[in-house]
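These notes concern the structure reproduced below.
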Amino acid sequence: MTLALRDQRLRLYALTEHGADGWTRPRYDAVADVWGRLEPPSGADLSRFEGTEHTIAAVVTMHWSAVVPKGGMVRVLPGGDGLSDYRITAVVARRMTGEQLVYVSSMAEDEKPHEVYDAAIPVTAFTLDPSGPQYVPAGSDVQITCTPLDANGYPLARTVAYSSTTGNVTVDEAGLVHAVSVGFALVQMNTGSAGTSIAFHVTA
């Protein structure tokens, strides 16, 4: 079956170096989300790279205008499982058809991303667990899980900062809320300019 170019949502990452004082380490920074089609390589595709160090795992077809970072990574969204990440090996433009072919390889264990940053992708929503107002007795603990999402509902690799508006509850950097005393507080979660909150009502 021939697939349309909008069949899969893909995130493109550039491989960059970050650090200071002469000490750096690689990380992947998101540069764009695109629609595309990921398919197994044909015999001709495999022959193209025969005798090279590259073993092609798939061929990604996307619009020719997409800026593909060579040496970077393609992630098939929602991703995050380590199985949907591919290293970009080569890019061939097919302007007559308005497409480009991106040849990708499977990533070895030592190539898989240890650091992935999605700062270029806007946060438009969050998933919260628990969600909605919480009524908890003083002395109890509640673990909040807050996941930033992009405009298509896919999770983003972002650091979330937690804070409380009053001393009736405290919250640590991992989202663990402790009910201190009877009263009310908003536990706020922020990443960049985006944020959300959960109301906590502490009872006796």
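The values are calculated or read from the model by the stated rules, or taken from the named source; none is laboratory data. These figures come from a predicted structure and were not determined experimentally. Counting neighbours? That spans all protein chains shown, and the Cβs are built from the backbone with ideal geometry, glycine included.
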remark   = All conditions in (1) surrounded by fewer than 16 Cβ atoms within 10 Å (Cβ to Cβ); (2) farther than 25 Å from Pro78 by Cβ; (3) in contact (Cβ under 8 Å) with a residue 60 or more places away in the chain are true of Gln134 except (1)
remark   = With criteria (1) in a loop (DSSP other than H, G, I, E, B); (2) at pLDDT 95 or above, Pro122 comes up short on (2)
task = Within the stretch 20-42, identify whether any single residue is out of contact with any strand residue (DSSP E or B) (no Cβ under 8 Å at 6 or more places or on another chain) and either within 15 Å of Ser106 (Cβ to Cβ) or modelled with pLDDT of 90 or more (or both), and answer yes or no.
result = no
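Looking at Asp110, Asp141, which one is modelled with pLDDT of 95 or more, of a type in the set (D, E, K, R) and surrounded by fewer than 14 Cβ atoms within 10 Å (Cβ to Cβ)? Before you say what the answer is, go through the steps one by one.
Working: Asp110 fails: modelled with pLDDT of 95 or more.
The unique qualifying residue is Asp141.
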ask   = Hey, any hits in the stretch 163-182 for a residue that's within 26 Å of Pro69 (Cα to Cα), of a type in the set (A, V, I, L, M, F, W, C) and in contact with a Phe, Trp or Tyr (Cβ under 6 Å, 6 or more places away or on another chain)?
value = no
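I need a count of the residues in the stretch 57-78 that are buried (at least 17 other Cβ atoms within 10 Å of the Cβ) and not in a strand (DSSP E or B). Write out each step before concluding.
Going residue by residue through the stretch 57-78, those that are buried (at least 17 other Cβ atoms within 10 Å of the Cβ) are 58-62, 66, 68-69, 72-76.
Subset that is not in a strand (DSSP E or B): 66, 68-69, 72.
Adding up the residues that qualify gives 4.
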key: Selected residue (only one of Val142, Val136 is touching a Pro at 6+ places or on another chain (Cβ under 8 Å), farther than 20 Å from Ala30 by Cα and in a strand (DSSP E or B))   = Val142
